[in-house]
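In what follows, a single structure is set out as structure tokens and then discussed.
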Amino acid sequence: MGEAKNITAGYDFGDGVPIKVRYIFRGTPYGKEELAAVKEAFKGGTLTMGPQVEAFEKEFAKYVGCKHAFAVSNCTSAMHVVTQMLDLGPGDEVITTPNTFIATSLVIVKEGVRPVFADIDPRTHNIDPAAIEKKITRRTKAIYVVHYGGQCCDMDAIMRISRKYKLPVMEDCAHALGTRFQGRHAGTFGMAGCFSFHSLKNITTCGEGGMITINDDRWVAPIKMLRCMNIHPWREKDAARVMKEYGACKKDREYWLPSHFDIEDVNGHWGMNYRMNEVSAAVGRVQLRKADKFVARRRECGHYLNKHLQGIPGITPVYDDPRGFNSYHLYTLCVEEGALGSSRDAFMRALYYKEGIQGIQHYQPTYDFTGFRKLGHKGHQCPEAERFFYHRETNLPMHPMLTNRELEDMVRGIRRAAEKVRGKGLR
């Protein structure tokens with residue numbers, strides 16, 4: 001981890017607080033291998049959707065254990081392609097979690113579909129399968145789950161619901177590269193998985209990038225069209241129609257006739273330019289080879305914090321579902337205000353201002369955003385998600401560049417902050 005020093009400057013709130021451990025916005029280090037991959041990509045005959053992208057897709061599919069993988073510009077575009085692929089539209093509903101980045105719901109509302117929010121499990125912070133089933137109506141057309149923080153959802157229970165009600169499941173795997181459940185990689189349970197290679201993620205592709213994973217051959221052609229402006233090769237009958245209309249005979253067919261691609265909708269849906277470039281793919285291939293090492297270090301850090309934060313009254317470390325393999329994209333510490341005798345916010349003030357440890361919040365319930373209130377969503381829909389965001393959680397710095405000293409500082413700071421505020425009331 002010797003590359004860490006020059007990339008861990010972290011977030012500066014401009015308040016002059018001396019920080020021991022910053023929350024940084026970089027998920028992995030880059031080294032000489034990534035720089036060499038960039039140079040190699042520049043030698044190619046194309047800088048977009050070429051051999052590097054094709055190789056990255058094949059290697060990624062092998063890594064997660066799926067049949068097909070499709071590189072895209074980011075995870076949001078991946079989820080938008082899947083939403084269009086499912087032919088969702090006005091009048092339809094998709095059940096999802098409120099505890100997620102806005103992208104999960106944004107791709108739903110962009111198609112005129114209504115997100116329906118199901119509450120979360122207070123231990124894992126993932127969508128609660130029992131809450132999903134309670135929200136199913138005749139309008140429900142799909143279930144979108146998010147593997148929060150690198151811990152897999154209860155996919156056994158969710159896929160039982162999927163089969164029972166014949167509802168497709170899309171897995172938002174933005175946090176879940178390296179995450180497994182019952183031995184299977186996240187993103188291989190539902191009809192599609194969508195991964196992120198944003199700067200914060202478990203591997204990164206020059207700041208942005210994404211991948212769609214599927215096992216069903218029927219979705220290959222629609223995904224390829226929707227990620228690339230509905231482009232596909234001419235079918236013989238369609239080519240013949242155009243050539244006849246403009247006075248060319250079939251025997252006149254040349255490689256440039258009728259043109260080098262056709263455009264067609266996918267069930268009335270029109271795609272966008274969601275392609276990945278060759279440089280990003282080349283870097284992604286290098287990062288993928290390092291993924292297990294990065295995840296191993298994240299897990300080492302997470303397990304250290306779990307061990308040394310046990311037994312602090314009012315402080316709950318991460319729960320590790322024994323059925324899964326948590327990749328520790330986030331480290332979510334929970335404050336139990338009753339047991340602590342003080343508020344989460346008072347604890348965070350002490351942790352930041354007195355101990356120099358930066359925490360950050362993920363995620364405000366989606367329905368509390370102004371835009372979603374304008375769409376008719378009301379507050380107080382999911383009590384556990386609300387209690388989680390407004391009263392319990394903070395995310396500690398978590399990345400593979402953390403030093404042992406920083407881990408020690410976090411443990412010491414959390415213990416001291418809890419002592420400082422204990423029993424002083426909910427302020």
Problem set entry | Test set (1) crowded, with 21+ Cβ neighbours inside 10 Å; (2) over 27 Å from GLY14 (Cβ atoms) - ALA339 fails condition number | (1)
Seminar exercise, completed: The helices (runs of 4 or more DSSP H) lying wholly within segment 274-355 that contain at least 1 residues that are at pLDDT 95 or above, assigned by TED's automatic domain parsing to the domain that holds ALA186 and among the polar types (S, T, N, Q) are 278-309
Exercise. What single numbered condition from (1) surrounded by fewer than 21 Cβ atoms within 10 Å (Cβ to Cβ); (2) over 30 Å from ALA418 (Cα atoms) fails to hold for GLU278?
Worked result: (1)
For this session: Please specify each residue of segment 48-69 satisfying the condition of being assigned to a helix (DSSP H, G or I) and among the polar types (S, T, N, Q).
Result: GLN52
For this session: Would you tally the residues in segment 354-383 being loosely packed, with under 12 Cβ neighbours inside 10 Å and either touching a Cys at 6+ places or on another chain (Cβ under 6 Å) or among the basic types (Lys, Arg) (or both)?
Result: 2
Exercise. When residues of segment 180-194 are filtered for being touching a helix residue (DSSP H, G or I) at 6+ places or on another chain (Cβ under 7 Å) and assigned to a strand (DSSP E or B), how many remain?
Worked result: 4
Exercise. Mind checking which residues of segment 195-210 are outside any loop (DSSP other than H, G, I, E, B) and within 20 Å of TYR328 (Cβ to Cβ)?
Worked result: PHE195, SER196
For this session: Output the residue which, of all residues in segment 292-320 that are exposed (fewer than 15 other Cβ atoms within 10 Å of the Cβ) and touching a residue at least 60 places away in the same chain (Cβ under 8 Å), is farthest from ARG412 (Cα to Cα).
Result: ASP292
For this session: For MET348, state whether it is under 23 Å from ASN74 (Cβ atoms) and touching a strand residue (DSSP E or B) at 6+ places or on another chain (Cβ under 6 Å).
Result: no
For this session: Take segment 6-39 and flag every residue that is of a type in the set (D, E, K, R), modelled with pLDDT under 95 and surrounded by fewer than 14 Cβ atoms within 10 Å (Cβ to Cβ).
Result: ASP12, ASP15
Exercise. In the list CYS173, CYS153, which residue meets the criterion of being within 23 Å of GLN381 (Cα to Cα) and not assigned by TED's automatic domain parsing to the domain that holds GLY324?
Worked result: CYS153
For this session: Report, by residue number, each residue of segment 213-261 that is under 29 Å from PHE195 (Cα atoms) and not in a helix (DSSP H, G or I).
Result: THR213, ILE214, ASN215, ASP216, ARG227, CYS228, MET229, ASN230, ILE231, HIS232, PRO233, PHE261
For this session: Would you check if there is a residue in segment 397-414 being in contact with a helix residue (DSSP H, G or I) (Cβ under 6 Å, 6 or more places away or on another chain), buried (at least 16 other Cβ atoms within 10 Å of the Cβ), in contact (Cβ under 8 Å) with a residue 60 or more places away in the chain and within 21 Å of HIS147 (Cβ to Cβ)?
Result: yes
Exercise. If we scan segment 100-113, do we find a residue that is in contact with a Pro (Cβ under 8 Å, 6 or more places away or on another chain), crowded, with 18+ Cβ neighbours inside 10 Å, aromatic (Phe, Trp, Tyr) and touching a residue at least 60 places away in the same chain (Cβ under 8 Å)?
Worked result: no
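The values are calculated or read from the model by the stated rules, or taken from the named source; none is laboratory data. It should be emphasised that the depicted structure is a prediction, and the values quoted were computed from it without experimental measurement. Every residue, glycine among them, receives a Cβ derived from its backbone with ideal geometry; neighbour counts consider all protein chains shown.
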